Amino acid sequence: MKLVSYIRIGRPRVGRLVDGGIVELEASTPHGRAGLRQLIARCALAEIAAETEGVGPTVALSDVTLLPVIPDPAKILCIGLNYANHVAETKRSDAQYPTVFVRFADSQVGHLQPIVRPVGCEHFDYEGELAIVIGRGGRNIAEAEALGHIAGYACYNDGSARDWQRHTSQFTPGKTFPGTGGFGPALVTPDEIGDYRDLPIATRLNGEVMQQASLADLIFPIPRLIAYCSAFTPLSPGDVIVTGTPGGVGDRRDPPVYLKPGDTVEVDIGAVGVLSNQVVDAL
């Protein structure tokens, strides 16, 4: 099942993405009055799957504005330096533990919405990544049980203001400008994915492949990330963990390739979908 968050007729809504459009959850029902984070917390996804199975679209994609998959996550935990070829291009040493930084909810936009190059940022970069959304919360989650805590997967573009990222050794200032990260198009439930390690990941800039890898290449695999993050903070339904980007970022190319207005960035993760965003300048 694929679920989307969106705006229609001025109101935030949730629906199931199907061929030809969206099956909108009826606004008169408890499901239709809740956001996707709240539905995950209520353990309502299986019920929604059963209710919408075989139902044709009730809303056209062209009639909605897609939001970030989870518009209001309590936590967005991002993992840095999680592919060997990215570690190599940054000339950093191997690490014993995952590198973790945060994003804020207002730094995200949905599929087909513009990502925003910040004012004064000359080094705006793409980072294609797989995001996981927590379904069942917990603290000190065991690696052997971690995959059972996932509600679904989505594409993510961890857009980075490299100028600000380099102000100190801390990444966060370069990662949290409003509207710099793409998150979408949909939450894809694990039954549609199978083994996440079989997924390919690619980032295209104006149609040209810039990053290409397999999720099997993660240095710290997803169960390890969930276990590690849940050790220092409780994970709650709807929390997001962004799992890291492969080598090929624009900042490390020779010469560097930075995003400019009019560019289109696509993050393609096979069965998870394709996230597309065009770059604009901040007003």
Being basic (Lys, Arg) and touching a strand residue (DSSP E or B) at 6+ places or on another chain (Cβ under 7 Å) is true for just one of Arg162, Arg166. Which residue is that? Arg162
Matching option when the condition is in contact (Cβ under 8 Å) with a residue 40 or more places away in the chain, assigned by TED's automatic domain parsing to the domain that holds Gly250 and surrounded by fewer than 16 Cβ atoms within 10 Å (Cβ to Cβ), among Gly110, Gly120: Gly120
Residue among Ala95, Ala27, Ala74 that is surrounded by fewer than 22 Cβ atoms within 10 Å (Cβ to Cβ) and under 17 Å from the mean Cα position of the chain (by Cα): Ala74
Given the conditions (1) in contact with an Asp or Glu (Cβ under 8 Å, 6 or more places away or on another chain); (2) in contact (Cβ under 8 Å) with a residue 60 or more places away in the chain, report the number of the one that Ala146 does not fulfil. (1)
So Cys43 ticks every box in (1) buried (at least 18 other Cβ atoms within 10 Å of the Cβ); (2) in contact with a Gly (Cβ under 9 Å, 6 or more places away or on another chain) but one. Which box is left unticked? (1)
Could you identify the single residue in Leu39, Leu25, Leu81 that is in the same structural domain as Val133 (by TED's automatic domain parsing) and either within 28 Å of Gly148 (Cβ to Cβ) or in contact with a helix residue (DSSP H, G or I) (Cβ under 6 Å, 6 or more places away or on another chain) (or both)? Leu81
Answer yes or no as to whether Thr172 is surrounded by fewer than 22 Cβ atoms within 10 Å (Cβ to Cβ), farther than 21 Å from Val69 by Cα and under 18 Å from the mean Cα position of the chain (by Cα). yes
Taking the residues in the range 1-24 that are surrounded by fewer than 16 Cβ atoms within 10 Å (Cβ to Cβ) and of a type in the set (A, V, I, L, M, F, W, C) as candidates, determine which candidate is farthest from Ala105 (Cα to Cα). Ile9
Within the range 258-272, residues among the small types (Gly, Ala, Ser) and under 19 Å from the mean Cα position of the chain (by Cα) come out as Gly270, Ala271
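The values are calculated or read from the model by the stated rules, or taken from the named source; none is laboratory data. Source: prediction; values computed, not measured. We place every Cβ from the backbone using ideal geometry, glycine too, and count neighbours over all the protein chains shown.
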